[in-house]
Amino acid sequence: QKIGWNEGTHGESNSLDEAYSDIMAEYADGTDEWQHGTYQYLDGKSFVRDLSDPTASSDPNSNNVQYYKYSTPAFFMNVEEHDGSTVISHAAYLMHKLGIPDHVGKKLWYISLDYLPKGNNATFADCRTAINKAADKVFDIYSYSKRLEWAYIIRKAFNAVNIRDEND
């Protein structure tokens, strides 16, 4: 499901498309390295976008270092989607690293797609909201203490990339 990909445009919606693609690929590939782009080529050289540490990208043209923490919607309007996606992808990595199991994380990200605005309107803040709404469904079968722990992890991960809830 596409969130709102419009060829040739940038912004948060397109960055979310790329982020969801990377996140789901990470859950599907059976590794735990949180790296993407290994087999993409730039001038005949492969490069890696490291979602676990965006400052460590080996892409010589990457601006991930600048973009892995959210600043303002206006700033991200013209950000290339691979760079912009690092904000959300890094939040997903942090959720994984802080203790949300992969079998839960993959359901959480997949179900959250149902809660994102359709078209080319989804924002990073919408993603946080969608993840929290999906958590209500995904976490329902777990103990109360586990649900609280994982909800705190989600909050901590999104806060770490500067996508804050006004109630925080």
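The values are calculated or read from the model by the stated rules, or taken from the named source; none is laboratory data. Note that this is a predicted model, so its numbers are computed, not measured. Cβ atoms come from the backbone with ideal geometry, glycine included; neighbour counts cover every protein chain shown. Ligands, DNA and RNA are stripped out before the accessible areas are found, and what is left, the full protein with its side chains, is counted by its heavy atoms. Shrake-Rupley method; radii C 1.70, N 1.55, O 1.52, S 1.80 Å.
For the range 59-74, the criterion of being modelled with pLDDT under 75, closer than 22 Å to ALA122 by Cα and touching a strand residue (DSSP E or B) at 6+ places or on another chain (Cβ under 9 Å) is met by at least one residue. Entry remark, the range 1-49: residues being acidic (Asp, Glu), open to solvent by 20 Å² or more (accessible area, probe 1.4 Å) and at pLDDT 65 or above number 4 in total. Residues in the range 142-168 that are without any contact (Cβ under 8 Å) to a residue 60 or more places away in the chain, in a loop (DSSP other than H, G, I, E, B) and open to solvent by less than 80 Å² (accessible area, probe 1.4 Å): TYR142, SER143, ASP165, ASP168.
For the range 94-105, the candidate set comprises residues that are buried (at least 17 other Cβ atoms within 10 Å of the Cβ) and in contact (Cβ under 8 Å) with a residue 60 or more places away in the chain; within that set, the residue that is nearest to ILE153 (Cα to Cα) is MET95. If you go through the range 108-126 and keep only what is crowded, with 16+ Cβ neighbours inside 10 Å and either in a helix (DSSP H, G or I) or hydroxyl-bearing (Ser, Thr, Tyr) (or both), you end up with LEU108, TRP109, TYR110, ILE111, SER112, LEU113, TYR115, THR123, PHE124, ALA125, ASP126. On the given criteria, is ARG128 charged (D, E, K, R), at pLDDT 95 or above and closer than 15 Å to ILE163 by Cβ? For ARG128, the condition - charged (D, E, K, R), at pLDDT 95 or above and closer than 15 Å to ILE163 by Cβ - is met.
Selection of the range 124-153 for residues being among the β-branched types (Val, Ile, Thr) and touching a Leu at 6+ places or on another chain (Cβ under 8 Å) yields ILE131, VAL138, ILE153. Checked against the criterion of being at pLDDT below 95, assigned to a loop (DSSP other than H, G, I, E, B) and among the hydrophobic types (A, V, I, L, M, F, W, C), the range 85-107 has no qualifying residue.
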